[in-house]
Protein chains: 2
Amino acid sequence: MKPSLVTIGPNGHFCSDCAVRESAVCSSLDAVELREFEHLGRRVRLGSGETVFSEEDISTSFYNLLEGVMRLYKLLPDGRRQIVGFALPGDFLGMNVSGRHNFSADAIGAVTVCQFAKTPFGRFIEDRAHLLRRINELAIRELDHARDHMVLLGRRSADEKVAAFLLGWRERSFALKGRSDTVPLPMSRQDIADYLGLTIETVSRTFTKLERHGVIEIIHGGIRLLDPARVEALAAA
Amino acid sequence: MKPSLVTIGPNGHFCSDCAVRESAVCSSLDAVELREFEHLGRRVRLGSGETVFSEEDISTSFYNLLEGVMRLYKLLPDGRRQIVGFALPGDFLGMNVSGRHNFSADAIGAVTVCQFAKTPFGRFIEDRAHLLRRINELAIRELDHARDHMVLLGRRSADEKVAAFLLGWRERSFALKGRSDTVPLPMSRQDIADYLGLTIETVSRTFTKLERHGVIEIIHGGIRLLDPARVEALAAA
DNA sequence: CGCCAAAATTGATCTGGGTCAATCGGCTTT
DNA sequence: AAAGCCGATTGACCCAGATCAATTTTGGCG
């Protein structure tokens, strides 16, 4: 879907009461810096399925995800897709060395991002090592996750992939909605399949199998973990 | 294999005539800084198969690879292994957020690294934004590669994986030994398999098949690309 | 509510790559 | 040069997960 970016102007909000104030890149800024920072970003809303940026596009902005979920993916020429990650509020997107995006990003459901033009953002960062360190920390965290995911993609069975996915997603959801055994799944089965390197049929069958065995319950918009320990055992083995 | 680190003392070398002076993290340092930097690192040699650090170890040092090749990998409890990357001269290892290594690294053949204790290195970096930026750049480059590799692991066939591996490795070898259609492969078939998410048998069969088709020639210690265009076609599709 | 389209599930069948099991071949050791 | 070893290759067979093909369920909308 093509983008129809709706700006909310720099006046319609304040960084100081932003939902991700404490978790995003901004967490490294003090109150004074935040004031200046406020003028660099503009809030943008996107509808479900809209694309924020595409692979190979020249990257002109950084994005700070404020609300919603995004899928980050790469496509092969023949249409095969690999989702390289899901972004949640507080995630920082748009870093690259080539000047072009190395993956595409689109909204799963409604999304709000804070968009920063690269040049002023780069200037702001320049003499603020703490912000740079914070960005570096986020990149390294991302790298960690990427390596874990390589293990999953290269060496785990379908059952293990699905179980690990449920646990991983539950973990990330905690930060937003608090601890719970109900895992909300805003993305489609196809998205899950493309994230795990499986087909949609295998994902569906695996969920059904786990439900038959009383390990999970498939509910509207998510999965309830009836027996979290069994899920963990499946994911670990 | 257990490490038997052999130090070459800070006196036995100079950063200024280091092989990776221009490509490693050090490329961001000027002549004056280099003098100080010199005292932070110590050269360490490792024999074939020796482990530099293991996953879950508390990380106390950073490493700058000077000579040789290393495999970086993660193990599952049951022994399955995923190689998350190969390190070449100029690569910088040891960054993490948790204080523990998130993968293991060992030498493929003889290796020389430049080891930096974390604390003094961190102090040196502190007020040098250009070094921090350089490290950030290396992390982002790594992240790029990791995402490409996820696509390979999750969505490509065995033939495509092997072809893409040969091209990728050839590309990296260029930086060291110059452009050539002979791809040196210092790692074992098992290493290649664990990098590509395949078995050793499949890697071997794929090589043999490509050779039968006149696309490559299997030579001692590597592969010669007889028909690079065909290899590229295989990798792309 | 009833209609339509998209998403998800389920079933039947197929196959790429894994598993198991011999060799093979190149080095090292003696 | 014979023996032993370890990595690599090859062959025969198998199976997890893909593919193909219907349904079934869900969600949006007049």
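Being open to solvent by 40 Å² or more (accessible area, probe 1.4 Å) and either closer than 22 Å to B:SER48 by Cβ or in contact (Cβ under 8 Å) with a residue 60 or more places away in the chain (or both) is the filter here, so list the residues in the stretch B:183-203 that pass it.
Taking the stretch B:183-203 first, the residues open to solvent by 40 Å² or more (accessible area, probe 1.4 Å) are B:186, B:188-190, B:199-202.
If the condition is that a residue be open to solvent by 40 Å² or more (accessible area, probe 1.4 Å) and either closer than 22 Å to B:SER48 by Cβ or in contact (Cβ under 8 Å) with a residue 60 or more places away in the chain (or both), then B:PRO186, B:SER188, B:ARG189, B:GLN190, B:ILE200 are the ones that fit.
Answer with yes or no whether A:LEU167 is open to solvent by 40 Å² or more (accessible area, probe 1.4 Å), touching a residue at least 12 places away in the same chain (Cβ under 8 Å) and away from DNA strand D (no atom under 14 Å from the Cβ). Show your work before the answer.
Numbers: open to solvent by 40 Å² or more (accessible area, probe 1.4 Å): no; touching a residue at least 12 places away in the same chain (Cβ under 8 Å): yes; away from DNA strand D (no atom under 14 Å from the Cβ): yes.
When the stated conditions are applied, A:LEU167 does not pass them.
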Original post:
more than 9 Å from chain A (Cβ to nearest Cβ), of a type outside the set (A, V, I, L, M) and closer than 30 Å to A:LEU76 by Cβ, is that true of B:SER104?
Top reply: no
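From the residues in the stretch A:204-225 that are assigned to a strand (DSSP E or B) and without any contact (Cβ under 8 Å) to a residue 24 or more places away in the chain, which one is nearest to DNA strand D (Cβ to nearest atom)? Let's see the steps before the verdict.
Keep residues of the stretch A:204-225 that are assigned to a strand (DSSP E or B), which gives A:216-219, A:222-225.
Right, trim to without any contact (Cβ under 8 Å) to a residue 24 or more places away in the chain and you get A:217-218.
On the way: A:GLU217: 12, A:ILE218: 9 Å.
Among those that are assigned to a strand (DSSP E or B) and without any contact (Cβ under 8 Å) to a residue 24 or more places away in the chain, it is A:ILE218.
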Original post:
If you scan the stretch A:139-178, which residues turn out to be among the aliphatic types (A, V, I, L, M), facing another protein chain (nearest Cβ under 8 Å) and over 14 Å from the mean Cα position of the chain (by Cα)?
Top reply: A:ILE140, A:MET150, A:VAL151, A:LEU153
Original post:
Just wondering, is there one or more residues in the stretch B:115-127 that are under 15 Å from A:ASN96 (Cα atoms), of a type outside the set (Asp, Glu), more than 7 Å from chain A (Cβ to nearest Cβ) and surrounded by fewer than 20 Cβ atoms within 10 Å (Cβ to Cβ)?
Top reply: no
**OP:** Assess whether A:GLY85 counts as being more than 28 Å from B:GLU56 (Cα to Cα) and out of contact with any Gly (no Cβ under 9 Å at 6 or more places or on another chain).
**Re:** no
Original post:
B:THR206 fails exactly one of the following numbered conditions: (1) within 14 Å of chain A (Cβ to nearest Cβ); (2) among the polar types (S, T, N, Q); (3) open to solvent by less than 20 Å² (accessible area, probe 1.4 Å); (4) over 30 Å from A:ILE140 (Cα atoms). What is the number of that condition?
Top reply: (1)
Subject >> Among (1) within 14 Å of DNA strand D (Cβ to nearest atom); (2) among the β-branched types (Val, Ile, Thr); (3) within 27 Å of B:ALA110 (Cβ to Cβ), the one test that B:THR182 misses >> reply: (1)
Original post:
Of all residues in the stretch A:174-202 being of a type in the set (Asp, Glu) and touching a strand residue (DSSP E or B) at 6+ places or on another chain (Cβ under 9 Å), which is nearest to DNA strand C (Cβ to nearest atom)?
Top reply: A:ASP191
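The values are calculated or read from the model by the stated rules, or taken from the named source; none is laboratory data. These numbers were taken from a predicted model, which means no experiment stands behind them. Don't worry about glycine lacking a Cβ; one is built from the backbone with ideal geometry, like all the others, and counts go over all protein chains shown. These accessible areas exclude ligands, DNA and RNA; they are computed on the full protein's heavy atoms, side chains included. Shrake-Rupley method; radii C 1.70, N 1.55, O 1.52, S 1.80 Å.
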